[in-house]
Amino acid sequence: MFLTPYYKKENQSVSILPSQASDFAKIVAQDFNPIHDEGAKRFCVPGDLLFSLVLGEYGLSQKMSFTFAGMVGDGVKLEFPESVGESFDVHDDKEKHYLSVERQGDVRNCEAQIESFIRSYVAFSGLNFIHVLVPMMKQHQVMINPARPLVIYESMSFDLNTLDFTKVTLSLVEQELIVDGKRGNVTLKFELHSGDTLVGTGVKTLVMSGLRPYEADKVQGMCDTYEGRRTSF
């Protein structure tokens, strides 16, 4: 499967090197958040890679939800359950909890379908900062800390009308930011299409921390840095 270069699996134990996490973020998701860089002080594995590994391991269900409980750092060994029901958790070898998954309905294990689903979803994630979060920060006149630009992936879910498709595309249909002091709760709603057919809908939630009054020059600086990283890569 196309995810093979981005992790190592022994029995049900999964480990992800910082270099593998960084490559997935940049190559597959087009996500240039420095927190996913090899050698980053606050390095963490992209939540989208964990989501992708779950689909690769257990298949695509009609209805799924993913709730992230912690950031996976360097050297963490994740334990993927050998068999799963409608709900299960992913934890490390020290029983620390990182991800909860719920699923319902039919399940497909078609590699082409799963790859298309993953690529469409993570590409959407990679566009979030510049194209979604920055305009919302401007609208609400708040911004994240330019020195420590932290946006936490909290949850995502989707509900598919059918599994009778191979390729799928994703489009953002609604976005909302609720500011609560220094915390910003972001909700993104999206649709999934196969050609002209609507095959499902989904929701992604993020948390922006350390909010402060909006400063256009500093936000532009963050955008320039982000785009510079993309260009240099």
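For segment 41-65, enumerate the residues that are closer than 18 Å to Leu192 by Cβ, aliphatic (A, V, I, L, M) and either open to solvent by 10 Å² or more (accessible area, probe 1.4 Å) or under 15 Å from the mean Cα position of the chain (by Cα) (or both).
If the condition is that a residue be closer than 18 Å to Leu192 by Cβ, aliphatic (A, V, I, L, M) and either open to solvent by 10 Å² or more (accessible area, probe 1.4 Å) or under 15 Å from the mean Cα position of the chain (by Cα) (or both), then Val54, Leu55, Met64 are the ones that fit.
Could you pull out the residue among Asp74, Asp89, Asp106 that is in contact with a helix residue (DSSP H, G or I) (Cβ under 7 Å, 6 or more places away or on another chain) and of a type in the set (D, E, K, R)? Explain how you work it out, then say what you get.
Values: Asp89 fails: in contact with a helix residue (DSSP H, G or I) (Cβ under 7 Å, 6 or more places away or on another chain); Asp106 fails: in contact with a helix residue (DSSP H, G or I) (Cβ under 7 Å, 6 or more places away or on another chain).
Within the list Asp74, Asp89, Asp106, the selection yields Asp74.
Does any residue in segment 221-233 that is open to solvent by 90 Å² or more (accessible area, probe 1.4 Å) come within less than 9 Å, Cβ to Cβ, of a residue that is at pLDDT 90 or above and of a type in the set (Val, Ile, Thr) six or more places away or on a different chain, and which pairs are these?
Close Cβ pairs (under 9 Å, with a partner that is at pLDDT 90 or above and of a type in the set (Val, Ile, Thr)) amount to Phe233/Ile27.
Can you spot a residue in segment 196-213 that is among the small types (Gly, Ala, Ser), more than 20 Å from Phe24 (Cα to Cα) and in a strand (DSSP E or B)? Working first, answer last.
So in segment 196-213, the residues among the small types (Gly, Ala, Ser) come out as 200, 202, 209-210.
Retained after the next criterion (residues that are more than 20 Å from Phe24 (Cα to Cα)): 200, 202, 209-210.
Next, from what is left, pick out any that are in a strand (DSSP E or B): 200, 202.
The answer is yes; a qualifying residue exists.
Working carefully through the options Ile152, Ile130, find the one that is surrounded by fewer than 18 Cβ atoms within 10 Å (Cβ to Cβ), aliphatic (A, V, I, L, M) and either within 23 Å of Gly39 (Cα to Cα) or over 20 Å from the mean Cα position of the chain (by Cα) (or both). Explain how you work it out, then say what you get.
Working: Ile130 fails: either within 23 Å of Gly39 (Cα to Cα) or over 20 Å from the mean Cα position of the chain (by Cα) (or both).
From the options Ile152, Ile130, the qualifying one is Ile152.
In this structure, does Gly73 turn out to be modelled with pLDDT under 95 and not in a helix (DSSP H, G or I)?
So Gly73 passes the test.
Looking at segment 158-182 only, could you name the residues that are of a type outside the set (A, V, I, L, M), open to solvent by 40 Å² or more (accessible area, probe 1.4 Å) and assigned to a strand (DSSP E or B)?
Those that are of a type outside the set (A, V, I, L, M), open to solvent by 40 Å² or more (accessible area, probe 1.4 Å) and assigned to a strand (DSSP E or B): Asp159, Thr169, Ser171, Glu174, Gln175, Glu176, Asp180.
Of all residues in segment 66-76, which are surrounded by 14 or more Cβ atoms within 10 Å (Cβ to Cβ) and more than 17 Å from the chain's Cα centre (by Cα)?
Asp74, Val76 - these are the residues of segment 66-76 that are surrounded by 14 or more Cβ atoms within 10 Å (Cβ to Cβ) and more than 17 Å from the chain's Cα centre (by Cα).
For segment 136-153, indicate whether the set of residues that are within 28 Å of Met1 (Cα to Cα) and either touching a strand residue (DSSP E or B) at 6+ places or on another chain (Cβ under 7 Å) or part of a helix (DSSP H, G or I) (or both) is non-empty.
Of all residues in segment 136-153, those within 28 Å of Met1 (Cα to Cα) come to 152-153.
Checking which are either touching a strand residue (DSSP E or B) at 6+ places or on another chain (Cβ under 7 Å) or part of a helix (DSSP H, G or I) (or both) leaves us with 152-153.
The answer is yes, given that some residue of segment 136-153 is within 28 Å of Met1 (Cα to Cα) and either touching a strand residue (DSSP E or B) at 6+ places or on another chain (Cβ under 7 Å) or part of a helix (DSSP H, G or I) (or both).
Do you know which residues across segment 197-212 are at pLDDT below 95 and not aliphatic (A, V, I, L, M)?
Ser209, Gly210
Restricting the first residue to segment 70-88 and requiring it to be farther than 14 Å from Val101 by Cα, which pairs with a second residue that is among the acidic types (Asp, Glu) and buried (at least 16 other Cβ atoms within 10 Å of the Cβ) meet a Cβ separation below 9 Å and a spacing of at least six or different chains?
Val72/Asp92; Val76/Asp92; Lys77/Asp92; Leu78/Asp92
Going by what's in this entry, would Phe24 be described as open to solvent by less than 30 Å² (accessible area, probe 1.4 Å), closer than 30 Å to Asp224 by Cβ, among the aromatic types (Phe, Trp, Tyr) and under 13 Å from the mean Cα position of the chain (by Cα)? Walk me through it before giving the result.
Numbers: open to solvent by less than 30 Å² (accessible area, probe 1.4 Å): yes; closer than 30 Å to Asp224 by Cβ: yes; among the aromatic types (Phe, Trp, Tyr): yes; under 13 Å from the mean Cα position of the chain (by Cα): yes.
So Phe24 fits the description; yes.
Which one is least open to solvent (accessible area, probe 1.4 Å), of the residues in segment 92-115 that are within 30 Å of Gly75 (Cα to Cα) and assigned to a helix (DSSP H, G or I)?
Restricting attention to segment 92-115, the residues satisfying the condition of being within 30 Å of Gly75 (Cα to Cα) are 92-103, 109, 111, 114-115.
Imposing the further condition that a residue be assigned to a helix (DSSP H, G or I) reduces the set to 111, 114-115.
Numbers: Glu111: 112, Ile114: 5, Glu115: 59 Å².
Across segment 92-115, the extreme among qualifying residues is Ile114.
Which residue is surrounded by the most Cβ atoms within 10 Å (Cβ to Cβ), if the candidates are limited to segment 1-19 and must be within 16 Å of Glu57 (Cβ to Cβ) and touching a Phe, Trp or Tyr at 6+ places or on another chain (Cβ under 6 Å)?
Taking the candidates together, the pick is Ile16.
So for segment 28-40 (the condition being touching a helix residue (DSSP H, G or I) at 6+ places or on another chain (Cβ under 9 Å), open to solvent by 70 Å² or more (accessible area, probe 1.4 Å) and closer than 19 Å to Leu3 by Cα), does at least one residue qualify?
Yes, that holds for at least one residue.
The values are calculated or read from the model by the stated rules, or taken from the named source; none is laboratory data. Just so we're clear, the structure is a prediction, and the values are computed from it rather than from any experiment. We place every Cβ from the backbone using ideal geometry, glycine too, and count neighbours over all the protein chains shown. We work out accessible area using only protein heavy atoms, side chains counted, and drop any ligands, DNA or RNA first. Shrake-Rupley method; radii C 1.70, N 1.55, O 1.52, S 1.80 Å.
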